[in-house]
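Student: Have a look at the structure that comes next, please.
The values are calculated or read from the model by the stated rules, or taken from the named source; none is laboratory data. Predicted model, so just to flag it, every value in this text is computed and none were measured. A quick note on method: Cβ atoms are made from the backbone with ideal geometry, for glycine too, and the neighbour counts reach across all protein chains shown.
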Amino acid sequence: MRRASKRLVTIGACATAGGIQALRNFKDVEEFTSIVYATPRYIETLNKSTPINDHVSVDFELRGCPINKAQLVELINALLNGRRPNISPHSVCIECKLRGTVCVMVARGTPCLGPVTHAGCGAICPSYQRGCYGCYGPMETPNTGSLAAQWGKLGAGKTDLVRAFRGFNAYAEAFRRESEAHEK
């Protein structure tokens, strides 16, 4: 595919970070299949779920689960017109500020992945007084260690941190490293 393409774009959390199925990379897949399937010997799976850019050069990653349709239109427009897509690299926190949403971590003490998560959702979860789940994966320069320390001050334990960083983008490098740092 890479050799036959002028540009290769990955779209969505599965393509950019291995997706939710990347949780398999942290546990024994055979144990999962024996629990889930009545006849696990008929199930054939890959050894690991990885992002496409682990295997070939990627020109642009459109993150999210689900992706943002406005970002997709911008991406297509940019590619058709020979320019770089104008998709902001900032975190969900900026989206909260743009919406006028009060910070759930500061005001309510609710753990939130917004400070380290790439924007794109419009800060849906915080607008409903919930912490961000990280659906758009890590932003360009996430300080996951600092966020983990802040979560600790809010009472979150190691298990909470591992669970938080192992969502839709569990195998994105920054989220993977942080979750592994808190694993027992």
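Student: Output the residue which, of all residues in the range 67-84 that are surrounded by 13 or more Cβ atoms within 10 Å (Cβ to Cβ) and in a loop (DSSP other than H, G, I, E, B), is farthest from the chain's Cα centre (by Cα).
Tutor: Among those residues, the one meeting the criterion is 68.
Student: Next question, about the same structure. Could you tell me which of the residues 123, 78 is within 26 Å of residue 22 (Cβ to Cβ) and hydrophobic (A, V, I, L, M, F, W, C)?
Tutor: None of the other options fit; the residue is 123.
Student: Out of curiosity, is residue 115 touching a helix residue (DSSP H, G or I) at 6+ places or on another chain (Cβ under 7 Å), more than 23 Å from residue 11 (Cα to Cα), of a type outside the set (S, T, N, Q) and assigned by TED's automatic domain parsing to the domain that holds residue 171?
Tutor: Considered against the rule, which asks whether it is touching a helix residue (DSSP H, G or I) at 6+ places or on another chain (Cβ under 7 Å), more than 23 Å from residue 11 (Cα to Cα), of a type outside the set (S, T, N, Q) and assigned by TED's automatic domain parsing to the domain that holds residue 171, residue 115 comes out as no.
Student: Take the residues in the range 24-40 that are surrounded by 11 or more Cβ atoms within 10 Å (Cβ to Cβ), out of contact with any Pro (no Cβ under 6 Å at 6 or more places or on another chain) and at pLDDT below 90; name whichever of them is farthest from residue 163 (Cα to Cα).
Tutor: Selected residue: 40.
Student: Taking residue 36 and the conditions (1) closer than 28 Å to residue 11 by Cβ; (2) within 20 Å of the chain's Cα centre (by Cα), which numbered condition does it fall short on, given that it satisfies the others?
Tutor: (2)
Student: If I ask for residues that are over 22 Å from residue 63 (Cβ atoms), in a loop (DSSP other than H, G, I, E, B) and of a type outside the set (Val, Ile, Thr), which ones from the range 105-124 would you list?
Tutor: Selection gives 109 alone.
Student: Go through the range 36-54 and report how many residues are more than 30 Å from residue 174 (Cα to Cα) and either of a type in the set (Val, Ile, Thr) or in a loop (DSSP other than H, G, I, E, B) (or both).
Tutor: Total satisfying the criteria: 4.
Student: Is it true that some residue in the range 125-138 is in a helix (DSSP H, G or I) and either touching a Pro at 6+ places or on another chain (Cβ under 7 Å) or buried (at least 22 other Cβ atoms within 10 Å of the Cβ) (or both)?
Tutor: Within the range 125-138, one or more residues are in a helix (DSSP H, G or I) and either touching a Pro at 6+ places or on another chain (Cβ under 7 Å) or buried (at least 22 other Cβ atoms within 10 Å of the Cβ) (or both).
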